[in-house]
Amino acid sequence: MRFAALAVFSALFLPAAAQAQEQDQPTMRVAVNLVMVDATVKTKAGQILGDLKKEDFELHEDGAAQKVDIFSRDELPLNVALVLDLSDSIEPFLGPLRDAANTALAALKPDDEVALFTFSTEAQLRVPFTKDKGKIAKEISDFKVGGATNINDGIFVAAKYLLGAPPKGRRVIILISDDVATYSGGEGTHDIITELIASDAVLYNLKIPGYNPPGTMLHAAMEKGLVNLRAVMDQTGGEVFNVQDAAHLDAVFGALIERIKTRYTLGYYTKATAAEGKAHKLDVRLASSFGKKGKDYVVLCKNGFYVH
């Protein structure tokens, strides 16, 4: 994985003396691949299991058990990419969304960073990563709506940006949309999942109930190649948070931010190398005393990784 992730780990978890000793060493280092996995664990009834310990988890790579060397909860910084739908159906929510974003993003830690993307017919970066969460909220209500709804490229462009950005912590993309796409853009579901896994990003969806006339719904039903959002979230470990109406936007957005803050982070050192040129499968589960995965509890996390 990214060697810079190891530097983040060192700064947060190693004693000061050990850090100082590291700094005295030559810059040439042995290549150690640190794989980080964020996970949410729920009961089958949907309740969050929030008091789990390191020894409660089991982690497998390509079927082989791995030793969990790192375990934390909301200690590593967050890099959050907001991907905002600018189709006509979203316009009534832009004002309330600014207020909701201002409140929800304020719950992030000072070192957490947020970037803002928008999409209609095309996707673009509006605000690069910043620690100024208020700047993100201010931008939202000034946008103009219109054009097609290209969710595919909205997610892909954000994932590509994350892939090229210096690794500073856990990575999350939040899609804010009514999820009614009318244009498939240039990237399909497989490409989007691949890019997200390569960038170590999790997709969450803040689903807003936009107004879409019958003609728009017909267009969406006939458009080929639209991204399968459920498949993307299943592969990366994300979730959908449904907003019933504007009055509940603030509460639901806040709940989503709280969820991504409190995911468990597990890390281990892989023997896999970039030379293999393939994806590796991950399986995170709880110890047998918790029952069977999928029957007694659910683990939401990415299903694989690439070595860079």
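The values are calculated or read from the model by the stated rules, or taken from the named source; none is laboratory data. Quick caveat: nothing in here was measured; it's all calculated off a predicted structure. When we count neighbours, we look across all protein chains shown, and the Cβ atoms used for this are built from the backbone with ideal geometry, even at glycine. What goes into the accessible areas is simple: the full protein's heavy atoms, side chains included, and nothing from ligands, DNA or RNA. Shrake-Rupley method; radii C 1.70, N 1.55, O 1.52, S 1.80 Å.
Residues satisfying the criterion are absent from segment 170-179 (criterion: on the phi < 0 side of the Ramachandran plot and without any contact (Cβ under 8 Å) to a residue 60 or more places away in the chain).
The rows are residues; the columns are (1) more than 24 Å from Asp178 (Cβ to Cβ); (2) modelled with pLDDT of 95 or more.
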{"residue": "Leu82", "(1), (2)": "no, yes"}
{"residue": "Phe93", "(1), (2)": "no, no"}
{"residue": "Pro96", "(1), (2)": "no, no"}
{"residue": "Phe119", "(1), (2)": "no, yes"}
{"residue": "Thr130", "(1), (2)": "yes, yes"}
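Looking across segment 167-190, the residues that are more than 14 Å from Ala81 (Cα to Cα) and either of a type in the set (Phe, Trp, Tyr) or in a loop (DSSP other than H, G, I, E, B) (or both) come down to Asp178, Asp179, Val180, Ala181, Thr182, Tyr183, Ser184, Gly185, Gly186, Glu187, Gly188. Within segment 134-147, residues that are in a loop (DSSP other than H, G, I, E, B) sit with their Cβ atoms under 6 Å from residues that are polar (S, T, N, Q), at 6+ positions apart or across chains, in these pairs: Gly147/Ser120; Gly147/Thr121. Among the residues of segment 148-171, are any open to solvent by 10 Å² or more (accessible area, probe 1.4 Å), over 27 Å from Arg230 (Cα atoms) and over 20 Å from the mean Cα position of the chain (by Cα)? Checked segment 148-171: no residue is open to solvent by 10 Å² or more (accessible area, probe 1.4 Å), over 27 Å from Arg230 (Cα atoms) and over 20 Å from the mean Cα position of the chain (by Cα). The set of residues in segment 238-279 that are of a type in the set (S, T, N, Q), assigned to a loop (DSSP other than H, G, I, E, B) and in contact with a helix residue (DSSP H, G or I) (Cβ under 9 Å, 6 or more places away or on another chain) contains only Gln244.
Quick check on segment 192-212: of everything there that is more than 30 Å from Pro167 (Cα to Cα) and open to solvent by 50 Å² or more (accessible area, probe 1.4 Å), which residue is modelled with the highest pLDDT? Working first, answer last.
Here is the first cut: in segment 192-212, the ones more than 30 Å from Pro167 (Cα to Cα) are 208-212.
Narrowing further to those that are open to solvent by 50 Å² or more (accessible area, probe 1.4 Å): 209, 211.
Working: Pro209: 88, Tyr211: 75.
The qualifying residue modelled with the highest pLDDT is Pro209.
For segment 47-56, indicate whether the set of residues that are modelled with pLDDT under 95 and either farther than 20 Å from Leu256 by Cβ or surrounded by 20 or more Cβ atoms within 10 Å (Cβ to Cβ) (or both) is non-empty. Within segment 47-56 (the criterion being modelled with pLDDT under 95 and either farther than 20 Å from Leu256 by Cβ or surrounded by 20 or more Cβ atoms within 10 Å (Cβ to Cβ) (or both)), the answer is yes, since at least one residue qualifies.
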